[in-house]
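Colleague: The structure under discussion is supplied below as structure tokens; questions concerning it will follow.
The values are calculated or read from the model by the stated rules, or taken from the named source; none is laboratory data. None of these values were measured; they are calculated from a predicted model. Positions of Cβ are backbone-derived with ideal geometry, glycine not excepted, and every protein chain shown enters the neighbour counts.
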Amino acid sequence: MTKIKIKSENKTPVKKKACETKRNQKEKTDFKGIILRFILFLQKALKKYSMDYKINAPTDGDEMIFRHADIFFSCFFNDENHCVHQSREHAMNYVYSGEMLIDDGNKITHVQKGECVFIRRDHRVTLTKKPLDGEQYCGIFLMFTRRFLREMFQRLPSDKALDNVSKVRSSVIKLPISMEIDSLFTSMTPYFNQKLRAQDDFMNLKLQEGLLALLHIDERFYPTLFDFNEPWKIDILEFMEQNYMYDFSMEDLATFTGRSLATFKRDFKKISTLTPQKWLIHKRLEAAYEKMKTGTRKVQDVYLEVGFKNPSHFATAFKKQFGVSPTAISQ
């Protein structure tokens, strides 16, 4: 009787299978370890970079402002900083630390650490940047120029046009906290180190990311951002009555009233026999007189409030217009 040997097909010994299972598990564990170590490395790197600007405070001043393309980085190391921002372009302003107050003439918007605002173009706002919770003010400002927006408009799908959607009306809008905005500005914290030079094409990608974040937040940003018409003309006297105390040039006044410089000068002649500069001085002096005539306001408080920079210039102009010195009125 012949014995027939039957060969086992594709039969792996139990011991060998167990070894392979352990090896696979070890490889998975090692891979997870690599990922975790990489995440830890990134976190440490971001922490190091984001602290650089705090350590390297400028020795020759109390502020640090620099620009990469159309993105501005700023830190202020004094107690408080005021500036009048003339927003000729749409912008996003993110507060990395400290606090920013934005006064648009109608309301004051508080923006704190980790918050972001949208500022419409062709508006004037007063920004106050100051420390909060022991941290100085640091912020990132994205400026969307008309040229950039035109280029982006041509790239976006044509079916994105929203003809029936109204535009954003407020001059300042606090944006909701979102993953897109948070990740965008977190990725830019290394550039607070002035020694790092960012490439313009990388910064352009950041601007695109910011633009897309706005479009996803609210559909009203689409007709607002991609409106390439010239600003509507607004009443010149009404604007100047409300803003006489600010240091606007003729070009500024023309821009904010929706006119070219030549058109502004021509339109102003129709409403006043004075030049715009003389009208502003006359208005500031009248406002100062009204503030001081009760005797409760001091000259040194009022002259800055109405828009004069120099007390002697204020006193000379006041006496010329009213025939008495400002101190005689305030007593």
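Colleague: Hey, Lys278 hits all of (1) touching a helix residue (DSSP H, G or I) at 6+ places or on another chain (Cβ under 8 Å); (2) surrounded by fewer than 12 Cβ atoms within 10 Å (Cβ to Cβ); (3) within 22 Å of His313 (Cβ to Cβ) but one; which does it fall short on?
Modeller: It fails just one condition, (1).
Colleague: Do you know which residues across segment 291-314 are surrounded by fewer than 18 Cβ atoms within 10 Å (Cβ to Cβ) and touching a residue at least 24 places away in the same chain (Cβ under 8 Å)?
Modeller: Result: Lys293, Gly295, Arg297, Lys298, Glu305, Lys309.
Colleague: Just wondering, is there one or more residues in segment 104-118 that are among the basic types (Lys, Arg), closer than 27 Å to Leu205 by Cβ and surrounded by 15 or more Cβ atoms within 10 Å (Cβ to Cβ)?
Modeller: Yes, there is a match, as at least one residue in segment 104-118 is among the basic types (Lys, Arg), closer than 27 Å to Leu205 by Cβ and surrounded by 15 or more Cβ atoms within 10 Å (Cβ to Cβ).
Colleague: If you don't mind, another one. Please report, ordered by residue number, the helices (runs of 4 or more DSSP H) entirely within segment 259-314 with at least 2 residues that are more than 35 Å from the chain's Cα centre (by Cα).
Modeller: 261-271, 276-292
Colleague: Quick test of your reading of the structure: Thr224 fulfils all but one of (1) surrounded by 17 or more Cβ atoms within 10 Å (Cβ to Cβ); (2) over 30 Å from Pro157 (Cβ atoms); (3) touching a residue at least 24 places away in the same chain (Cβ under 8 Å). Name the failing condition by number.
Modeller: (2)
Colleague: Let me ask something additional. Within segment 124-141, take every residue that is part of a strand (DSSP E or B) and in contact with a Phe, Trp or Tyr (Cβ under 8 Å, 6 or more places away or on another chain) and give me the one that is surrounded by the fewest Cβ atoms within 10 Å (Cβ to Cβ).
Modeller: Among them, the one singled out is Lys130.
Colleague: Follow-up question, since we're still on this one. Would you tally the residues in segment 131-152 being of a type in the set (A, V, I, L, M) and either in contact with a Lys or Arg (Cβ under 6 Å, 6 or more places away or on another chain) or modelled with pLDDT under 90 (or both)?
Modeller: 0
Colleague: For a quick check of your reading: which helices (runs of 4 or more DSSP H) sit entirely within segment 159-243 and have at least 3 residues that are under 16 Å from the mean Cα position of the chain (by Cα), more than 30 Å from Lys269 (Cβ to Cβ) and at pLDDT 85 or above?
Modeller: Output list reads 179-186, 200-217.
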